[in-house]
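Novice: The following block contains the structure, expressed as structure tokens.
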Amino acid sequence: MTTKLLIILLLTSLTIQCFSQADFSIRRQRLTPHNIDTATENVFIYESPKAIVYFSQHDINDFLSNPKSKQLIGNFQIKVLQDTLQTNTKSIKIKDVLHYYTDQQRDSINNIEPINGRTKQLNEDFYFVGAALMLKGKFMVYSKDKKAFVTKELVASKHKDMLGNETLEFYLPDRKQFYYIITALGE
């Protein structure tokens, strides 16, 4: 009897497609960033290997206080992000070393610029919030390769990989990825 139950559980677990982490119901979307006055507004700066993305701290606070946003980002804890925004700092800057680098690259970056636990947690808290704000057009992008701000031809596109994971990826006009999130975990 227990072997039958074990086989049934095994077959059931193999047939489950995805576990959704966040509900971004798009396939492909053109992005239209807006200008943020970094001299007068408090900004949140997110640096990835290909781009620097600017967000208004006011837009982030508005997003976090909106009840509809809670449905989008699910039950993820964003306490460190909220606490950091409450400090009313003119410029908050984080470098994303969690998602875009291999372990070896991450270790060499940590040797040059040690990254503390609070920065890592802030990075994780901002993971889905950044994607949601970009889909709403509440961001500004600086391309490191072009050494200029990008105002058009930005695209967000949903992809599926071999293991069934779904990702939402954000691309610069030269088709280089500057941000991505995993929206559903596969098998």
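Read-outs: derived from the displayed coordinates by stated rules, not from any lab. Please read these numbers as outputs of a predicted model, since none were measured by experiment. Backbone-built Cβ (ideal geometry, glycine too); neighbour counts: all protein chains shown.
Novice: Rounded, prolate or oblate: which one fits the stretch 142-187, using the alpha carbon gyration tensor with axes a ≥ b ≥ c (rounded when a/c is under 1.5, else prolate when a/b beats b/c, else oblate)?
Specialist: prolate
Novice: Would you mind checking the pairs 120/158; 50/120; 50/152; 50/95; 152/176; 146/176 and listing those with alpha carbons more than 22 angstrom apart?
Specialist: Pairs exceeding the cut-off: 120/158.
Novice: What does the net charge come to around residue 177 if you take all other residues with beta carbon closer than 10 Å to its beta carbon, with K and R at +1 and D and E at -1?
Specialist: Result for the local shell: +2.
Novice: Also, quick follow-up: Excluding residue 83 itself, what net charge comes from residues whose Cβ is under 10 Å from its Cβ, given Lys and Arg +1 and Asp and Glu -1?
Specialist: Computed value for this residue: +1.
Novice: Still on this structure: Order these by the 10 Å Cβ neighbour count, fewest first: 91, 157, 143, 48.
Specialist: Ranking 91, 157, 143, 48 by Cβ neighbours within 10 Å, fewest first, gives 91, 157, 143, 48.
Novice: Arrange 149, 170 by Cβ neighbour counts within 10 Å, fewest through most, would you?
Specialist: 149, 170
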